[in-house]
Every structure is written in C-alpha cells, then in structure tokens.
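Asks: One structure coming up, written as structure tokens, with questions to follow.
None of the figures in this text is laboratory data; all of them are computed from the coordinates on show. Source: prediction; values computed, not measured. Virtual Cβ from ideal backbone geometry, glycine too; neighbours counted across all protein chains shown.
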Amino acid sequence: MTAPSRRSLLRASVGLAAAGALARPFVANAAATTATAWWVQGFAPEEDVAFKKIVADYQKASGNAIDYTIIPYAPMRQKIVSAVTSGVVPDVIQNNPLEIIALYAWEDRLVDVTDVIETQKSRYTDTALLTAYCYNSVDKRRSYYGVPYTLAVRPNHIWRPLVEKAGYTMEDLPRTWDAFYDFFKDMQKKLSAQGMRHVYGLGFQMNTTGNDSNALFDYLMIAYGGQGIVGKDGRLHLDDPKVRAAVVAALRYPTTAYKEGYVPPGAINWNDADDNNAFHAKQIVMDLDGTISTEVAVAHNEQDYRDIVTMGLPLDNDGKPVASQAPSACGLIPKGAKNVEVAKDFLKYLIQPPVLNELLKTGLGRNIPCMPTIVQDDPWWLDPADPHRGPYIQQGLLGPTLSTFWTFNPAYAQVQNEHVWPSAWADITTGGMTPEAAAEKAFKRVEEIFAKYPIAQG
C-alpha cells in the first residue's frame with residue numbers, strides 16, 4: 001500500500017521544470033523510420049484529438065513516423081487477441097483489457113521495456129510500477145513489460161439532490177464501510193415513502209460478465225481485510241483465515257442488499273455501461289464505479305455536473321483507511337513487432353511529464369496521471385472550482401493504493417476472466433446457496449486456477 005506524502009511530492013517535483021515544456025524524442029533523426037500503433041478510442045473526442053497532436057509533435061521532432069489506428073474499446077480487445085495469437089502484431093498496443101499485460105508477460109509475448117521505464121522511473125508511484133512489473137514464465141523472472149501512463153480507481157458517485165430529498169445532507173453520511181452503504185438503504189426507504197418507488201439506494205454491479213463486477217468484488221474484499229489474498233511473491237493465501245473471512249463478507253453484503261431490494265433487480269444482468277445509465281437516469285442514489293467518466297459524461301449539463309458528488313472510499317469497519325486498487329493503462333510492445341526501437345522511443349516521448357499532462361488533461365481528468373509530479377506542478381488537477389477532479393486525485397494518486405492481484409500472479413486474471421467471484425454472487429442470489437457455501441465452491445476453483453501458474457521463488 002502506497003500513499004505519497006506532500007514532502008515526497010515536493011522532492012519528486014524537483015527537476016520537472018528542468019525537463020522543460022519542450023519534450024524531445026530519444027532517437028536521432030538519422031534513424032528515422034515508421035512504427036505502427038493501435039490506440040483505444042477516447043471516451044471524449046478531445047482525447048483522440050490530443051493523441052493525434054502528440055503523434056504529430058513527436059513525428060515533427062523525431063523525423064520518425066507513427067502509423068496509428070484508433071479503435072473503440074471492445075473491438076480493440078478482439079483485435080489485440082487475434083494479432084498476438086497470429087504473431088502478426090503492430091509495434092505498440094495498450095493493455096486492453098488491463099490484465100493482458102500479466103498474461104502476455106507470463107507467456108513471453110511482450111518486449112521488456114525496462115529501459116523505457118528508467119527514463120521516468122523516479123516519478124512513478126510505486127503502485128504504477130508494480131502494475132507493469134510482471135512475471136515471465138520462460139525467463140523465470142519479473143521485469144517491466146508495460147509503460148504506465150495513467151491510472152484509475154473507483155470512487156463513489158452520489159446524487160446530492162436525492163440525498164437531500166430523503167431528508168439528509170452529505171455530512172450525515174457515516175464514515176465507516178458498512179454503515180456508509182447501509183445509509184443508502186435508509187435513503188431508499190425515505191424516497192419510496194415519497195412515491196419514488198423505482199429509485200434504489202445502491203448501484204452495485206452484480207453481473208457475471210465484463211469488468212465492473214470483478215473490480216467491485218475486489219474493492220469489497222479489500223475493505224473487509226482480504227488484500228493479502230495474493231502475495232507479491234505470487235502465492236495464493238486462501239489458507240489465511242482473515243482472507244477467507246473477507247471473501248465471505250464480500251459475498252454476503254451485496255447479495256443481502258440485492259435480495260432485500262436495495263439493488264436494482266436488473267443488476268445481475270447489467271453490462272459495464274448499465275450502472276452508468278441507471279445512475280444518469282437517477283434510478284440509483286449512488287454507484288461505486290471506475291474513474292469519473294460518470295461525471296464527465298454530463299459535463300455539458302452544468303446542473304447535473306454540480307449535483308453529482310465524487311467521494312472516495314469510506315473507512316473500514318474498524319475506522320482505518322481502505323486502499324484503492326489502482327490499475328494503470330500501459331503501452332506494450334508485443335514480441336514480433338518490426339520496429340521495437342521506434343516503438344520504445346515513442347513511449348519514452350509519451351511519458352515525459354509535459355507530454356503526458358497534455359494528453360490526460362484533455363479527457364477532463366477522467367484518467368489521472370500515475371506521476372504525482374504532474375499534479376503537483378499543474379494547479380488544474382486540484383482546482384477547487386471543479387467538484388470532481390480533486391476528490392478523485394486524492395483517492396487515486398495521493399491516498400493509499402494497491403496494485404491489482406493479477407500483477408503478482410496472472411492466475412488472478414484467469415479468476416476474473418471466469419468471473420469466479422461474481423458467479424458466487426449468482427450462486428447466492430439465484431442459486432439459493434449461503435455465502436459460506438458459495439465461498440467454498442469458489443475457493444476450490446481459484447486454487448485449481450492458481451495451480452496452473454506456478455511462480456519460481458528466489
């Protein structure tokens with residue numbers, strides 16, 4: 001768990017000004033050549049405009065060419081899998097989905113990019129570096145197989161007017177985990193009594209597809225004390241009673257809320273966009289969901305933008321801070337790439353603080369830097385005039401964070417691909433199992449998966 005202090009931020013920012021506003025490439029013009037890049041389409045059009053500008057600036061400064069293709073998120077996932085499977089790959093891709101960095105590193109399908117990381121290593125958060133530090137089962141060692149350029153966490157998104165209509169203020173919200181989320185159940189009762197019978201207190205994503213349900217389970221498990229489920233050595237720790245108890249608690253709380261009617265009935269069949277849609281339609285009072293894309297989506301509507309409250313995680317039930325899992329989007333170079341040197345040079349250029357800051361600001365802060373110096377040196381990120389960026393930055397960059405579990409062992413990526421934990425929710429909500437029985441079933445499957453990913457120690 002990492003949480004940079006203000007003093008460390010100030011120390012780390014020394015030298016950023018020296019980097020200058022003009023970021024320069026690392027490959028001499030005499031070596032000019034072309035690299036291909038596949039880039040995921042931005043959530044906002046401005047993100048794509050910014051990426052194109054950065055490519056143009058890089059080409060002008062280096063003499064190299066970047067032949068890029070911008071592709072929507074879902075089709076890009078399929079395209080990457082097909083390319084890596086066939087061996088006919090571009091020079092630069094992203095970890096889309098996030099966990100492929102661990103899976104492809106394990107399979108020796110990625111180029112080691114330690115030399116790229118080294119150019120800015122001192123600026124990264126420890127959590128961002130861990131995301132990219134994966135195990136190669138062929139070389140039997142860990143190394144950097146991705147270049148982080150942003151990170152994301154899951155804040156609470158809350159409709160202030162619905163809280164107030166229920167007779168409360170934001171200051172009334174309890175500060176510890178179960179009490180915090182239980183309070184939204186009471187809000188639902190108060191709203192229902194006023195005739196708002198189709199507004200639900202909790203927007204938990206309980207589907208057995210997509211990414212949101214996996215991430216929600218991990219957040220719940222961490223809050224209940226299960227952050228040690230996978231050690232940094234890659235070993236599974238289901239023999240730890242604390243971890244087992246946390247899993248059971250993370251199964252019990254949302255399924256009980258669902259069965260009691262505090263989560264929309266359709267939540268078990270949602271896709272990753274449906275909770276956002278339900279929130280924007282004001283069918284749920286709160287949503288625990290990744291990034292501030294929920295807020296950015298209504299930025300054109302000043303009233304709605306101001307009515308949404310972005311709030312970090314409550315304390316755990318013992319009153320201690322809960323660390324947020326903070327995965328990073330990374331640039332990857334697949335093995336078989338024809339122009340590794342220019343690909344590396346472009347990634348070195350991209351992660352220079354002035355360049356990266358320009359890219360991320362255009363998304364209105366939906367993606368935040370994984371380098372504290374960028375936030376420290378640009379007041380835009382913590383501008384109090386914006387109600388959302390500050391709380392999001394505080395949670396994701398300045399507060400305590402954890403790496404994803406698949407960073408330590410790609411077996412956990414397979415656990416998520418199979419939706420082992422959300423399937424346990426389904427065993428409880430529709431299959432009639434107790435949380436304890438569903439947990440035992442899930443434990444067996446998780447152990448089977450981890451047995452296929454042995455990591456050499458030492």
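Asks: Please state, to two decimals, what the Cα-based radius of gyration of segment 264-344 comes to when divided by 2.2 N^0.38 Å (N = residues).
Replies: So the Cα radius of gyration is 1.60 times the expected 2.2 N^0.38 Å.
Asks: Enumerate the aspartates and glutamates that Lys444 could reach by cross-link, defined here as Cα to Cα under 15 Å, with residues fewer than 8 away along the same chain left out.
Replies: Within reach: Asp239, Asp240, Glu418, Asp427, Glu436.
Asks: Let me ask something else. Which angle between 0 and 90 degrees, to the nearest 10, do you get for helix 241-259 versus the longest principal axis of the chain when only C-alpha atoms count?
Replies: The angle comes out at about 60 degrees.
Asks: Just the number, please: percent antiparallel of the DSSP beta bridges in the chain, rounded to the nearest 5.
Replies: If we restrict to bridges inside the chain, about 60 percent are antiparallel.
Asks: With 5 Å bins from zero, work out the P(r) of segment 256-398 over every alpha carbon pair and list the percent per bin.
Replies: Final binned percentages: 2, 8, 14, 16, 16, 15, 12, 8, 5, 3, 1, 0.
Asks: Translational D (Stokes-Einstein, µm²/s) of segment 167-313 at 10 °C and 1.306 mPa s when Rh comes from the Kirkwood sum over C-alpha pairs?
Replies: Answer from the Stokes-Einstein relation: 96 µm²/s.
Asks: Using alpha-carbon positions, what is the distance between the centroids of segment 232-272 and segment 396-439, in Å?
Replies: If you average the Cα positions of each part, the centres end up 7 Å apart.
Asks: How many percent of Cα pairs in segment 40-88 exceed 12 Å?
Replies: Taking all Cα-Cα pairs of segment 40-88, the fraction more than 12 Å apart is 69 percent.
Asks: Given the options Tyr200, Tyr253, Gln414, identify the residue whose Cα lies farthest towards the positive end of the charge dipole of the chain (+1 on Cβ of Lys, Arg; -1 on Cβ of Asp, Glu).
Replies: It is Gln414, whose Cα lies furthest towards the positive end.
Asks: Compute the long axis of helix 340-350 from its Cα atoms, compare it with the longest principal axis of the Cα atoms of the chain, and write down the angle in degrees, 0 to 90, nearest 10.
Replies: Taking the Cα atoms of the chain, the angle to 340-350 is about 60 degrees.
Asks: Same structure, new question: Along its three principal axes, how long is the chain when you only count alpha carbons? Whole Å, largest extent first please.
Replies: Here the spans come out as 73, 51, 41 Å, largest first.
Asks: Using the Cα centre of segment 401-458 as the reference point, and only Cβ charges (+1 on K/R, -1 on D/E), how large is the resulting charge dipole? Debye, rounded to the nearest 20.
Replies: My answer is approximately 140 debye.
Asks: Let me ask another. Let me spell out the model: positive unit charges on the Cβ of Lys and Arg, negative unit charges on the Cβ of Asp and Glu, origin at the Cα centre of the chain. What dipole size does that give, in debye rounded to 20?
Replies: For the chain, the charge dipole is close to 500 debye.
Asks: Cα to Cα, under 15 Å, and not fewer than 8 places away if on the same chain: which aspartates and glutamates meet these conditions relative to Lys190?
Replies: Glu164, Asp172, Asp182
Asks: Further, regarding this structure: List the trypsin sites (Lys or Arg not before Pro) within segment 147-195 that DSSP assigns to loop and that have no more than 10 neighbouring Cβ atoms inside 10 Å.
Replies: Listed in order of number, the matching sites are Arg175.
Asks: Considering every Cα-Cα pair within segment 169-247, what fraction, in whole percent, is farther apart than 15 Å?
Replies: Considering segment 169-247, 69 percent of its Cα-Cα pairs are separated by more than 15 Å.
Asks: Turning to a different aspect of this structure: If you average the C-alpha positions of segment 88-136 and of segment 350-390 separately, how far apart do those two centres end up, in angstrom?
Replies: Value for the Cα centre distance between the two parts: 22 Å.
Asks: Which Cα, out of Leu397, His157, Leu220, lies furthest along the positive dipole direction of the chain (beta carbon charges, K/R +1, D/E -1)?
Replies: Positive-most Cα among the choices belongs to Leu397.
Asks: Take the cross-link list Lys60/Lys232; Lys60/Lys121; Lys121/Lys282; Lys282/Lys361; Lys232/Lys441; Lys242/Lys344 and give me the ones stretching past 32 Å between alpha-carbons.
Replies: Long pairs (Cα-Cα over 32 Å): Lys60/Lys232; Lys121/Lys282; Lys242/Lys344.
Asks: What is the dipole size for segment 85-158, taken about its Cα centre, with +1 at each Lys and Arg Cβ and -1 at each Asp and Glu Cβ, in debye to the nearest 20?
Replies: Taking the Cα centre of segment 85-158 as origin, the dipole is about 240 debye.
Asks: Still on this structure, please answer the following. With no solvent and one point per C-alpha, what does the Debye sum give as log10 I(q)/I(0) for segment 121-171 at q = 0.14, 0.19, 0.30 Å⁻¹?
Replies: So the normalised log intensities work out to -0.57, -0.72, -1.11.
Asks: Separate question: From the helices alone, meaning DSSP H stretches of at least four residues, give me the mean residue ellipticity at 222 nm for the chain, per-run term -39500 (n - 2.57), in deg cm²/dmol to the nearest 500.
Replies: Helix contribution divided over all residues of the chain: -12500 deg cm²/dmol.
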